[in-house]
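Below you'll find the structure, written out as structure tokens, and then a few comments.
The values are calculated or read from the model by the stated rules, or taken from the named source; none is laboratory data. For clarity, every value in this text was computed on a predicted model and none was experimentally measured. Here Cβ is always computed from backbone atoms with ideal geometry, including for glycine, and neighbour counts include all displayed protein chains.
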Amino acid sequence: MIQSYKVANNLFLVRQVIPRAAAAEAKPVETSVNHILVVDVSGSMWGEIDKIREQVKTKLPKMMRDGDTLSLIAFSGKGQFWRILTAEPVATLTDLSDVNAAIDRWLRPVGMTGFKEPIEEVGKLVAEVAKKNKNPFSLFFLSDGCDNTWPRSEVIQAIEKTSGTLAAATVVSYGFYTDMPLLTQMAEKWGGSLIVSENFAKFSPVLDAAIQRKIVGGKKVEVNLDGDTLGGFAFALDDKDLVTFGVEGDKVLIPENTREVMYLSPSAVGDLEVLISNPMLSAIYAATSLFAVRMKPDVVLPLLKTTGDVYFIEKFSTLFGRQKYSDFQEESKTAAFDLSKRLTKGYDPNKVPRDDAYTVLDFLKLLQSDDSNRVLLGHPAFKYNAIGRGRVDSSTILTDAEQAEIEKLTAEMNANAKDVKKVKEIFAKIEAITDKKGDALKFVETNAKDGYPISNLVYNEDRPNISIQIRKEGTVDLSSRLPAEFKGNTLGKVPEQFPSFVFRNYTIIKDGLVNVEKLPVRINEAPETTPSRRKALSRGPTRPRLSST
């Protein structure tokens, strides 16, 4: 049975009931679970990994049930991934001395970030454990960054090879600097949930829920979808968990006990029904959450208009920053399951903002329109969330030969993980290589109390990112690189404090989200008198919102 519910012109919610054989209709039986934790230990996890390590050591043995097992994989950059535990049963975790020693040794921040190899290791681990343990596998994958090692296509290929082997998956986007589009796609490919967790306080209950999730036995089956799917995914509401499934062509791979899937389509499929039932409104709230995290306001706004939920309409219309976006996603997901969270401020579909609402992009163009306008980067209210790793001096980068040697030593360390003496010897060899690298040159900017003009607006070709480009004056200390005869005598020679300048990009909109809570500025002309502002005011009262363009 297939039913469609009109949301707006060219936008329909489709419900497709999955037919099952009589044997598959029997009530599924809960079973023990093989849990796999894959944890990012790249350098950017410094400061957070200590808390996560203690969480793994102290809480997991208490939350896991008899018959459950725990596997643990840590990863950072190319060639740096370690299988710490392989299907350790609860009984073993109760005697924690060896387990804790392994966790303490390997859950330490180091290196860059690469997803491909640890995902491939998940596939190998599942194949190995499944030979003697027929219980389903549940994956928990956590990262706080972007894969800066492997092409995205190779990461996706690695995921596709493992997608049919997992009964459940939770992908956690930790912090402010993750590659949200990639992590979202990973959750879809695995048929799992994407969780946004900005800090450890939010992470702790996420881990609890993933480990305590009830898993039923059974395989995954391929289902044909009759309509076109917006966003390339379908979803299901499963025991207070919102699960997504990536669509390949017109097919989707789902657990055999799943009774129905939903998706949005540009056209009606099957019977056209009236959207009045609570189950379908639950799906509307669920779709709102899913398309919000995918930064699709052109889809979210019609969904919100359908609900007429004043609270969520107002909240979405004034979202600024990833944390508030994350809160909206989580609250709308909760409302999909909890009727008491709906219409808390009443019903009014006309609260949805107009299409010509004044946007952040309008404001940035206003700032750039006059060279006398200033961005006050030194103001205490300016808190910037860097979206990438800083540049490094070439003298501090490992050569290909040094990188190959470290990868060789890392592989040797993996092979001798239980030999403490051997591990210390290998660590010493790695430190000997890294200690040869000199200190990087450092640019020191001249204090600019008056702020900076915007040199340019920078648009990313592949992602909805917009940055302001700022030119900064300053100096570079060359004293460590100059010959001794140059020091203290710069007449006719290179000065120790070399005057220079740099261009810095500050990303104001990242992945369609405002990346700063506050942007202190000084505008030379009153905003009400500028052409762009006069145009905005001429439209009448509107609510500010973020454009995804």
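Tabulated results
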item: Selection within the stretch 54-82 - surrounded by 20 or more Cβ atoms within 10 Å (Cβ to Cβ) and under 15 Å from F140 (Cα atoms); result: V56, L60, M64, D68, T69, L70, S71, L72, I73, A74, F75
item: Wholly within the stretch 125-241, strands (runs of 3 or more DSSP E) carrying at least 2 residues that are within 21 Å of L37 (Cα to Cα); result: 137-143, 168-174, 193-197
item: Those residues of the stretch 451-496 which are modelled with pLDDT under 85, in a loop (DSSP other than H, G, I, E, B) and either under 30 Å from N524 (Cα atoms) or aliphatic (A, V, I, L, M) (or both), in sequence order; result: N460, P464, N465, L478, L482, L491, V494
item: Residue that is modelled with the lowest pLDDT, among those in the stretch 437-450 that are in contact with a helix residue (DSSP H, G or I) (Cβ under 8 Å, 6 or more places away or on another chain) and surrounded by fewer than 13 Cβ atoms within 10 Å (Cβ to Cβ); result: G438
item: Subset of the stretch 127-163 (residues that are closer than 16 Å to W190 by Cβ, of a type in the set (S, T, Y) and in contact (Cβ under 8 Å) with a residue 60 or more places away in the chain); result: S138, S143, S163
item: Among (1) surrounded by 21 or more Cβ atoms within 10 Å (Cβ to Cβ); (2) touching a Lys or Arg at 6+ places or on another chain (Cβ under 9 Å); (3) more than 20 Å from S332 (Cβ to Cβ) - the single one E160 does not satisfy; result: (1)
item: Residue match in the stretch 417-425 (condition: part of a helix (DSSP H, G or I) and modelled with pLDDT under 65); result: yes
item: Out of A26, A8, A101, sole residue that is farther than 30 Å from E407 by Cβ, among the hydrophobic types (A, V, I, L, M, F, W, C), at pLDDT below 75 and surrounded by fewer than 18 Cβ atoms within 10 Å (Cβ to Cβ); result: A26
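Listed here are the residues, each with its yes/no results for (1) at pLDDT 80 or above; (2) part of a helix (DSSP H, G or I).
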residue: M280; (1), (2): yes, yes
residue: A283; (1), (2): yes, yes
residue: A287; (1), (2): yes, yes
residue: A292; (1), (2): yes, yes
residue: M295; (1), (2): no, no
residue: V299; (1), (2): yes, yes
residue: L303; (1), (2): yes, yes
residue: K315; (1), (2): yes, yes
residue: Q323; (1), (2): no, yes
